[in-house]
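Take a look at the structure set out below.
Any read-out appearing in this document is the output of simple, stated calculations on the displayed coordinates, not a laboratory observation. It should be emphasised that the depicted structure is a prediction, and the values quoted were computed from it without experimental measurement. Every residue, glycine among them, receives a Cβ derived from its backbone with ideal geometry; neighbour counts consider all protein chains shown.
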Amino acid sequence: MKTLMTILITTTLVLTACSGGTDSQKTLAKPEVKIEQPIRTDGIEFKVARAVTLEEDLSNLEEFERSLNIYYIQIKIPKDLTGQLQIKKFSENARSYQYVNTSGVQYDGNQAVLVDAINLQDAKLATQKFEYQISSNGKLLQPINFSIKPDLVIIGTVDLASLPLTSLDLDIGTLFIDTDSRLVTGGESISITATNILSNNGRIETLSEEYAGTSAIRGHTGKNGGDIVVKTNLLAGNLKFIMRGQKGGQGMDGIPVTEVPPQAAPGRDSADHAACDWSGLLVSPPVQALIERPPHEHCSQYCPQYARNGEPGAKGLPGNKGNSGAQGGSTGTLNFSATKATRDQISVELIPGAGGEAGAGGPGGAGGAGGNPGAIRTEVCRSNVSAGPQGPAGDAGETGAPGFAGESLKPVLTINGKTE
């Protein structure tokens, strides 16, 4: 059985600082590319290298950015094996293959030199596996297998959701964060294992400032920042983590009052009989007039008690108190470790989500019904009476309390084996 040989591309970066400069003046270092010894099998030599490495003075920064995820594959084949030369390149991730163009072969003594290129700029953020199959004179030689960890390039503001991810557990080559650029995780829990990190005052943020300041759904706790784990061999430049939680939702308003006070008392009824008014007579009424029914002609009838309107309804019950605002989201957790770095290269800002606004008090209950009008019992006592007016609505309930801010969770930083 043929033995498959594998090489894994890695990059080592070294941090340098301007003499007497501040943290913000620290510059990126020149990456020193270290590639494993070339593969040699069946007389064929196989090398893999980055297309461009970054100069110490950053003079080729733009070119370096453009060339991230581009690799050159150099294949040296003995001249006597170049007859009917055919090379197939298989991509395990894409599940496809293509023929390598052999028309550009150049000769160096007794060896044919061929250069192929691999571009991972549009590839998924997962380790890319390749196999080169070389046939000479109809004979398949030893296949060559290798893997390349893709680079993650952050320029400007990049949302995690926009990246071509296959998993939230990333194992990559170089994480490059351009000047004042940022990766926003959107509150997702993510693990990034990078061989190296190149950052020029770059940031990794849980939630954007705009999103964090927007209230969660009413009555709901703000979104947490999620859990971030970052592991790297070496950090070059300065990197800041901003751990934000979202503002809590506003509290719900007080529940409306459904209970109504009992109906008010009815108005007084009129008298059920008429009486005689003798006040207009100049003489005392004869005894006979007092006992006549109907009253004597000198006795004028009057109503001693008219009916009254119903009593006003009672005031409605006070509204219920509003609910407290929801708690803000926590900052989320950060676990960062770097084998080669200094503490002053890392900064962390914790911004828990603010508590939600208080819910308004509920509306007061409806006023009670007015009392019925008094009854009119005799024609002489007829008058215009009506039911009492409905009582006024109750007072609105008290406003609830504002919500509590989210938790600030202490980050765990491990630099050069020391944890704080």
Cut-off under 23 Å on the C-alpha distance; same-chain residues fewer than 8 positions from Lys139 excluded. Which lysines are left, in chain and number order? Lys2, Lys47, Lys76, Lys79, Lys88, Lys89
With Cβ to Cβ distances under 11 Å as the rule, what net charge do the other residues near Gly202 carry (K, R +1; D, E -1)? 0
Please work out how much length the chain gains when fully extended from Asp169 to Leu61, using 0.36 nm per residue of separation minus the C-alpha to C-alpha distance, in nm with one decimal. 36.1 nm
Gly361's amide H: which non-local residues (gap 5+, or another chain) put their own amide H closer than 5 Å, with H modeled 1.01 Å from N in plane and none for Pro or chain starts? Gly254, Gly322, Thr399, Gly400
Between the alpha-carbon centers of the stretch 216-234 and the stretch 326-385, tell me the distance in whole angstrom. 26
Quarter of the surface of the C-alpha convex hull for the stretch 207-273, i.e. direction-averaged projected area in nm², equals 8.3
List the residues of the stretch 198-215 whose backbone N lies under 16 Å from a point placed 7 Å from the Cα of Asp180 along the Cα-to-Cβ direction. 200-204
Can you give me the long-range amide H partners of Arg182? Hydrogens built in the peptide plane at 1.01 Å from N, cutoff under 5 Å, separation of 5 or more residues or another chain. Gly156, Thr157, Val158, Arg203
